[in-house]
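For reference, the structure is listed below as C-alpha cells.
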There are 2 protein chains.
Amino acid sequence: MNLDRYRPENLRRPSNGMINIHPIQRGGILTDEARRIINEWADGYSVCDLCFEGRVDLIRNPPIEEFKRDVAEFLNMDDVRFTAGARHAKFVIMAGYAGGSVVLDSLAHYTSYIAAELNGLKVFEVPNSGYPEFKIHPEGYAETFERIKEETGSYPSLALLTHVDYRYGNVADAKEIGKVCRDYGVPLILNTAYSSGIMEIDGKGMYVDFIVGSGHKSWAATAPIGILATNFENTDKIFRKSKLRGDWSGRAFTKKEVAFFGCSPVYGLPVMTLMASFPAVVKRVKEWDKEIEKARWFVREMEKIEGVQLIGERPKAHTLMHFETPTFHMIAKRHKKRGYFLYHELKKRGIVGIHPGMTKNFKINVYGLSWEELEKVANAFKEIAEEHGVEVED
Amino acid sequence: MNLDRYRPENLRRPSNGMINIHPIQRGGILTDEARRIINEWADGYSVCDLCFEGRVDLIRNPPIEEFKRDVAEFLNMDDVRFTAGARHAKFVIMAGYAGGSVVLDSLAHYTSYIAAELNGLKVFEVPNSGYPEFKIHPEGYAETFERIKEETGSYPSLALLTHVDYRYGNVADAKEIGKVCRDYGVPLILNTAYSSGIMEIDGKGMYVDFIVGSGHKSWAATAPIGILATNFENTDKIFRKSKLRGDWSGRAFTKKEVAFFGCSPVYGLPVMTLMASFPAVVKRVKEWDKEIEKARWFVREMEKIEGVQLIGERPKAHTLMHFETPTFHMIAKRHKKRGYFLYHELKKRGIVGIHPGMTKNFKINVYGLSWEELEKVANAFKEIAEEHGVEVED
C-alpha cells in the first residue's frame, strides 16, 4: 500500500487557480461567506454537537430549522428537507410512489431514471423535438399521459420535468407543463439542479408539487446536499416517519423520516455551507438577466469561429451551452495530440473544464464568470482556432 | 426573511476551541493533513473535474480508484464503495435483500432499523443481557435464527451486528458471531461505525460478508461519507448496475450502480478528506491499546466520584462510555439550573459534549484526547461533584 500518494502535497486540485468552465462546476463554487466558515465546521458531523431532536433539520443552533423555512419561502413552497444531493431527493419522492409509474422528459438526468429504477417505478418518456433544438413541449406531457392511459388503463402516478437539462441547457416551460399535470391530477417534480440557486423559482406559481435542487451544483455549497421542497398536501406521504418496532426491545423511532435514512446525512459542511452562502444566493438569483446577457454575447463570439454552432434552444436562456464544433474536430484528426489538443491548448491558457478528448462538440458553463474572464475564454477558443488555420470573423 | 442570521459571524461553532467529548465527535475530528486540503477541494463536487467514467469511485486523478483498493486491503475485504454515510451503506446492502428478513442485535443504531424498514425487510432482534452489562452473546444469533425458522419456516436473509454499540460502547465478539452466521449460511453485515478507522479490522478473519463504516464518525473525514466493503461473492448483488432503458430515447446507464443513486454522492470534500486522513488513520488504529489504557484510567477516576458507575461491559474495551450518575442527578434536583447545571459547569471549564439537561446518566467518548486533556476532563467532573457536596475518593 503506497500511502505517499495521499499526502496533502500529492492531493492538489489540478484545476486550482484556473478558470473552470466545466458544465457542472460553476454554480457550486463557494461564496466567500461559505469559505469563511469551513474551517470551523469541517470536523465529521460537527452540527450534531447541539442536536436534541434527533434530526438535523430540527436543530436550532446553528439555525437550521429556521433556514429550512427560509428556503421554503425562497422557492415559494411550504416545507423543505435537505438530502444527500438532488438524486437522493428524487429517490425520497419516488419512494412515496414505489411500484407505480413516472413520466420523465427525455432530457432528464440519469439520476432521475435511477431513482425510478430503485423504487420499481415504470418509466415513460416525453419525446423532445430532436436536432437542433431538442425542446420539450408541454403537449408532450399530455400526449404521454394519454398514451400511458391507453397502454396501462390509468394515468401515471407521477411526472418529472427537468427544468434546465444538463445536455443543452434548455429552459423548459415549467409553468405550462405544471398546468398540464395539474389538469390531469398527476403530481409534478421539478428538477431544478441547474436553476434554483442561480435563477428565481416560484414553485406554486409553476403548479409544481415537488422541487428538487442541488446545493453543490447551484447553491454554492460543498457536496453533497440536495434540497427537497413540497407543499403541505404531500408532506405526510414523502416525509413518512418510521413505524417499525423492535420485536424484543420494543424500540421505536417515531420521529425519524424513513426515506431520509432517519436523519438526512448533510450534518456538517454541506448544510453549513448551504446556509452561509444563502444570503448571496438570494441576491444572485435576481441578477440572472446579466448572466443571460453574458451567455448570449459568448455564443455570438463562439459562432464567429468557422463551423462552430450552438445547439439547443435559441435564443440562449441559460449559461450552460452545447456547441457543435466540426472544425475543431478536423484539427484533431491531423493533430499529434489528436482530440486532446483542445484540452491542452485551453489548459495552457489557464482554462479547464472541457472534457479531454472532446472536439466534435462540447458543453461549457459560463455562469458567474466576470466579463474579463469571459473574454479570456472566448479569445482562447478563437486564438486556438486561428492558430490551426480555422477562420474567425472579426 | 432575516438573512443576517446566516452571516459568517453569526454562524460560529459553539464548541470551537473547547474539548469536545460528545460520543459521536471524537473519531471524526479532521487530521492536520485533511485540514490542509479542504480549501482547495471545497467547491461543490470538485472531484468531478476529471471524471471520465461517470462514477466517483473510478476517478484516477485524484487517485480514488486506487484508494478504494487500499481501503479494501486495510479492512481485509475484496471491494469497496463510498456512500453517503454508514446509513446509506446499510441501505445499499439491504436493497439487495429487499422484502426478506434481517436479524439485528438489540443494541443496533436506529439507522440499521430504518434501512431495513425502507427496504421492506422484517426485523428480528437478538436480545442483550440487560443491566448492567447489556452484552450481545454469539449464541443469541443462533437462537434467533432458530426462532425465525420456527416462526416463518426459513432462516433469515441477512444478519447485522453492531461491532461497537452507540449506547454502552461494548465491543461485540464479531468473530464468534461471524462463525455462527457462516455456519447457518446467513450473510453478516458488521457495522463498524465506532470501530473501523480507530480500531484494526480484519473482515475476512471475522467471517463477515459486509463491512459498513463511517468516515465522519471514525475516519477523520467531513460528513457525509460511509464505507461499504464486501467480498467478491457479493459484489454483483450489492453493486447491481442499471438495467433500465428509456422507452422513447433508448437511453441506458449500464455503468451506474442503482442503490448508490448511480454515482455515490461523496464527490468533493467527503472523499477527499477521507483520503487525506487515510495515512494517519492506518497509523492510528495500531495505537488502540493506548486509547484503551486511557479509557480505563478515566473510568477509574470517574468511579472515585460517589455514586458514579460505568455501565456496559467490564473491563472497558472502547473509548465510548456510559455512566450512571445518581449523585449528579440529586444535585440537579436542588440546583436552580436543574439538569442543565452539569452542562454549564463543564462549559465553564472548556468542555462540551454532554447532552444538556442530562444528569441521571450520560455518555462520553475520550478517543484521541491527550493525557493532559483527559486529566482536565476527569478533574472537571470531580471538582463539580465536590463543589456540590458529593464525596470524591483521593
Exercise for the section: Residue by residue through the range B:181-199, note down the ones that are outside any strand (DSSP E or B) and either buried (at least 24 other Cβ atoms within 10 Å of the Cβ) or touching a strand residue (DSSP E or B) at 6+ places or on another chain (Cβ under 7 Å) (or both). Expected result: B:CYS181, B:VAL186, B:PRO187, B:THR192, B:ALA193, B:TYR194, B:SER195, B:GLY197, B:ILE198
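The rows are residues; the columns are (1) under 25 Å from the mean Cα position of the chain (by Cα); (2) part of a loop (DSSP other than H, G, I, E, B); (3) assigned by TED's automatic domain parsing to the domain that holds B:ALA193.
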{"residue": "B:ARG13", "(1), (2), (3)": "yes, yes, no"}
{"residue": "B:GLY17", "(1), (2), (3)": "yes, yes, no"}
{"residue": "B:HIS22", "(1), (2), (3)": "yes, yes, no"}
{"residue": "B:ALA34", "(1), (2), (3)": "yes, no, yes"}
{"residue": "B:ASN39", "(1), (2), (3)": "no, no, yes"}
{"residue": "B:CYS48", "(1), (2), (3)": "no, no, yes"}
Handout entry: Criterion violated by A:GLU139 - all others in (1) of a type outside the set (Val, Ile, Thr); (2) within 13 Å of chain B (Cβ to nearest Cβ); (3) surrounded by fewer than 16 Cβ atoms within 10 Å (Cβ to Cβ) satisfied
Key = (2)
Handout entry: From the options B:PHE260, B:PHE253, B:PHE210, B:PHE278, residue that is surrounded by 24 or more Cβ atoms within 10 Å (Cβ to Cβ), over 19 Å from B:ILE189 (Cβ atoms) and aromatic (Phe, Trp, Tyr)
Key = B:PHE278
Exercise for the section: Could you tell me whether any residue of the range B:306-327 is over 26 Å from the mean Cα position of the chain (by Cα) and in a helix (DSSP H, G or I)? Expected result: yes
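Table: residues versus (1) within 23 Å of B:GLU200 (Cβ to Cβ); (2) not in a helix (DSSP H, G or I); (3) not assigned by TED's automatic domain parsing to the domain that holds B:ALA86.
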{"residue": "B:SER154", "(1), (2), (3)": "no, yes, no"}
{"residue": "B:LEU161", "(1), (2), (3)": "yes, yes, no"}
{"residue": "B:TYR168", "(1), (2), (3)": "yes, yes, no"}
{"residue": "B:LYS175", "(1), (2), (3)": "yes, no, no"}
Practice task
Might you check whether a residue that is within 7 Å of chain A (Cβ to nearest Cβ) and crowded, with 24+ Cβ neighbours inside 10 Å occurs anywhere in the range B:223-230?
Solution key: yes
Handout entry: Complete set of residues in the range B:215-265 that are assigned to a loop (DSSP other than H, G, I, E, B) and within 17 Å of the chain's Cα centre (by Cα)
Key = B:TRP219, B:ALA220, B:ALA221, B:THR222, B:ALA223, B:PRO224, B:ILE225
Exercise for the section: With the condition kept exactly as written, say whether any residue in the range B:124-131 is more than 7 Å from every other protein chain (Cβ to nearest Cβ) and assigned to a helix (DSSP H, G or I). Expected result: no
Completion exercise
By residue number, the members of the range B:363-374 that are touching a residue at least 24 places away in the same chain (Cβ under 8 Å) and either buried (at least 20 other Cβ atoms within 10 Å of the Cβ) or assigned to a helix (DSSP H, G or I) (or both) are B:LYS363, B:ILE364, B:ASN365, B:VAL366, B:TYR367, B:LEU369, B:TRP371, B:GLU373, B:LEU374
Exercise for the section: Report the residue count in the range A:331-350 for those that are β-branched (Val, Ile, Thr) and over 19 Å from A:GLU303 (Cα atoms). Expected result: 0
Exercise for the section: Quick one: A:ARG167 ticks every box in (1) in contact with a helix residue (DSSP H, G or I) (Cβ under 6 Å, 6 or more places away or on another chain); (2) charged (D, E, K, R); (3) closer than 30 Å to A:LEU269 by Cα except a single one, so which number is it? Expected result: (1)
Practice task
State whether one or more residues within the range B:184-206 are more than 11 Å from chain A (Cβ to nearest Cβ), among the basic types (Lys, Arg) and more than 22 Å from the chain's Cα centre (by Cα).
Solution key: no
Completion exercise
The one condition A:ASP57 fails out of (1) surrounded by fewer than 21 Cβ atoms within 10 Å (Cβ to Cβ); (2) in contact (Cβ under 8 Å) with a residue 40 or more places away in the chain; (3) in a helix (DSSP H, G or I); (4) not polar (S, T, N, Q) is (1)
Completion exercise
Apart from one, (1) in contact with a Lys or Arg (Cβ under 9 Å, 6 or more places away or on another chain); (2) under 30 Å from B:GLY197 (Cβ atoms); (3) surrounded by fewer than 18 Cβ atoms within 10 Å (Cβ to Cβ) all hold for B:GLU303; the odd one out is (1)
Handout entry: All positions within the range B:8-25 that are of a type in the set (D, E, K, R) and either within 7 Å of another protein chain (Cβ to nearest Cβ) or in contact with a Lys or Arg (Cβ under 7 Å, 6 or more places away or on another chain) (or both)
Key = B:ARG12, B:ARG13
Exercise for the section: Would you be able to tell me the number of residues in the range B:26-57 that are farther than 30 Å from B:HIS109 by Cβ, among the aliphatic types (A, V, I, L, M) and more than 7 Å from chain A (Cβ to nearest Cβ)? Expected result: 0
Completion exercise
Scanning the range A:149-165 residue by residue, those touching a residue at least 12 places away in the same chain (Cβ under 8 Å) and either surrounded by fewer than 20 Cβ atoms within 10 Å (Cβ to Cβ) or of a type in the set (Lys, Arg) (or both) turn out to be A:THR152, A:TYR155, A:SER157
Completion exercise
Considering residues that are under 18 Å from A:SER46 (Cβ atoms) and of a type in the set (Ser, Thr, Tyr), the number found within the range B:344-385 is 1
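For every residue, the table says whether it meets (1) at the interface with chain B (Cβ under 7 Å from one of its Cβ atoms); (2) within 21 Å of the chain's Cα centre (by Cα); (3) assigned to a helix (DSSP H, G or I); (4) surrounded by fewer than 21 Cβ atoms within 10 Å (Cβ to Cβ).
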residue: A:ASN61; (1), (2), (3), (4): yes, no, no, yes
residue: A:MET77; (1), (2), (3), (4): no, yes, no, no
residue: A:VAL92; (1), (2), (3), (4): no, yes, yes, no
residue: A:VAL102; (1), (2), (3), (4): no, yes, no, no
residue: A:TYR113; (1), (2), (3), (4): yes, yes, yes, no
Practice task
Would you mind finding the one in B:PHE278, B:PHE210, B:PHE239 that is on the phi < 0 side of the Ramachandran plot, in contact with a Lys or Arg (Cβ under 7 Å, 6 or more places away or on another chain) and either of a type outside the set (Val, Ile, Thr) or more than 14 Å from chain A (Cβ to nearest Cβ) (or both)?
Solution key: B:PHE239
Completion exercise
Subset of the range B:331-357, residues touching a residue at least 60 places away in the same chain (Cβ under 8 Å), of a type outside the set (Val, Ile, Thr) and within 20 Å of B:LEU310 (Cα to Cα), comes to B:GLY353
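The values are calculated or read from the model by the stated rules, or taken from the named source; none is laboratory data. The structure displayed is predicted, hence computed values, not measured ones. Every residue, glycine as well, gets a Cβ built from its backbone with ideal geometry; the counts of neighbours run over all protein chains shown.
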